[in-house]
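Scroll down for the structure; my scribbles are underneath it.
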Amino acid sequence: MDNQACGITGRLLKLELLRRCSLRRLCVCCGLHYGQPPVLQYIINNDGCTQKEIADFLGVTAASIALSTKRLQKSGLITKQADENNLRRNRLSATEKGKEVLEAFTEQNKSFNEKMLSGVTDDEKRQLCALLDKLISGAADGKDIDLCGMIDYK
């Protein structure tokens with residue numbers, strides 16, 4: 001790999017690490033664990049969903065969702081109620097506290113993104129999006145990768 005390519009991938013890695021560190025800090029400030037915001041968002045958007053539905057949507061194991069939902073319930077952010085037709089299945093709903101916590105997290109994350117892009121013009125943002133789309137296409141070997149609607153980068 002040439003030096004220029006190393007510089008590009010190194011910068012992308014650095015940006016991803018900075019973003020992850022920021023998200024972790026935001027989660028701690030809001031009383032969440034790192035992987036919980038997408039779980040809580042799914043529950044809010046799909047009231048009465050099951051752990052399996054969340055796992056399928058996020059592409060993770062049912063065990064990881066079970067741990068996340070147990071922690072979310074213990075924190076008072078969601079409720080679990082046994083399904084009337086299948087007592088082994090729980091239906092999940094967000095509490096008001098859960099909605100407030102996710103809203104606070106979302107606002108703080110939005111502020112981070114705005115700060116990160118504050119020195120970038122609209123034209124540069126369009127150019128960057130086009131370049132990133134090319135990189136994504138190359139990394140995916142031209143295949144259309146479905147990330148389950150988890151990422152909205154419009």
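Where a number appears in this text, it was derived from the coordinates with a stated rule and is not lab data. Quantities reported herein were computed from a predicted structural model and do not represent experimental measurements. Cβ coordinates were reconstructed from backbone atoms using ideal geometry, including for glycine residues, and neighbour counts include every protein chain displayed.
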Rounded to one decimal in nm, the spacing of the 7 Å Cα→Cβ label points at residue 106 and residue 137 is 3.2
Checked the stretch 30-154 with the C-alpha gyration tensor, a ≥ b ≥ c its square-rooted eigenvalues, rounded below a/c of 1.5, otherwise prolate if a/b is larger than b/c and oblate if not; verdict oblate
A correct fewest-to-most ranking of 60, 101 by other Cβ atoms within 10 Å would be 60, 101
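Using 0.36 nm times the number of residues separating residue 3 and residue 46, minus their current alpha carbon distance, what extension gain do you get? Intermediate values should be presented prior to the final figure.
Working: separation 43, 0.36 × 43 = 15.48 nm, distance 4.66 nm.
Taking 0.36 nm per residue and subtracting the Cα distance, the gain is 10.8 nm.
In which sequence would 34, 42 go, from the one with the fewest C-beta neighbours within 10 Å to the one with the most?
Numbers: 34 12, 42 21.
So the ranking, lowest neighbour count to highest, is 34, 42.
If we count other beta carbons within 10 Å of each Cβ, what is the order of 124, 53, fewest first?
Ranking 124, 53 by Cβ neighbours within 10 Å, fewest first, gives 124, 53.
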Taking every other residue with Cβ under 15 Å from the Cβ of residue 104 and scoring Lys and Arg +1, Asp and Glu -1, one gets 0
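Rounded to the nearest 20 Debye, what is the dipole magnitude of the chain about its Cα centre when Lys and Arg each give +1 and Asp and Glu each give -1 at the C-beta?
700
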